[in-house]
Amino acid sequence: MFEILGILGLLLILIGWIYETYQLVKTKKSNLPIIFAVLYSIGSLCLAIYSYLLGDLVFLVLNIAATLIAILNAIISIKK
């Protein structure tokens with residue numbers, strides 16, 4: 001039962017990030033400061049590793065997605 005709630009949360013967050021990433025790629029503009037994107041990337045990567053070590057698939061997927069999106073955001077921020 002609790003896993004269903006976790007998966008629902010994961011899906012809702014991913015949908016929001018996919019929409020934001022689509023807008024980011026479409027406009028080639030990031031509204032976030034580069035330092036935020038870098039710190040978020042590192043933090044999400046640490047949480048992904050932690051989730052892996054705990055064996056928590058929901059948070060592992062969520063944090064891998066967060067890491068990839070933050071890295072994309074950082075790359076676009078650097079290019080502008």
Study note, to complete from the structure: Once all protein chains are kept in place, F36 shows an accessible area at probe 1.4 Å, nearest 10 Å², of 100 Å²
Point to revise | the chain, accessible area per residue, ligands and nucleic acids excluded (1.4 Å, Å²) | key: 75 Å²
Practice item. Could you tell me what percent of the accessible area of the chain is made up of carbon and sulfur, with a 1.4 Å probe and every protein chain present? Key: 78 percent
**Study point:** Förster-model FRET efficiency, 25 Å R0, L11 and I49, C-beta, rounded to 0.05
**Key:** 0.65
Check your understanding: How long is the chain along each principal axis, judged by its Cα atoms, biggest number first, in Å?
Key -> 44, 23, 12
Check your understanding: For the chain, what is the charge dipole size about the Cα centre, in debye to the nearest 20, if Lys and Arg each add +1 at the Cβ and Asp and Glu each add -1 at the Cβ?
Key -> 560 debye
Revision key, fill the gap. Listed residues Y40, Y19, Y52; largest mean-square fluctuation, Gaussian network over the chain with Cα springs below 10 Å, found at Y19
Practice item. Describe numerically, in nm with one decimal, the distance between label points set 7 Å from Cα along Cα→Cβ at K28 and at I4. Key: 4.6 nm
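The values are calculated or read from the model by the stated rules, or taken from the named source; none is laboratory data. Here the structure is a predicted model, which means the values were calculated and not measured. In this analysis, Cβ positions are derived from the backbone assuming ideal geometry, glycine residues included, and neighbour counts consider all displayed protein chains. Only protein heavy atoms, including side chains, enter the accessible area calculation; ligands, DNA and RNA are left aside. Shrake-Rupley method; radii C 1.70, N 1.55, O 1.52, S 1.80 Å.
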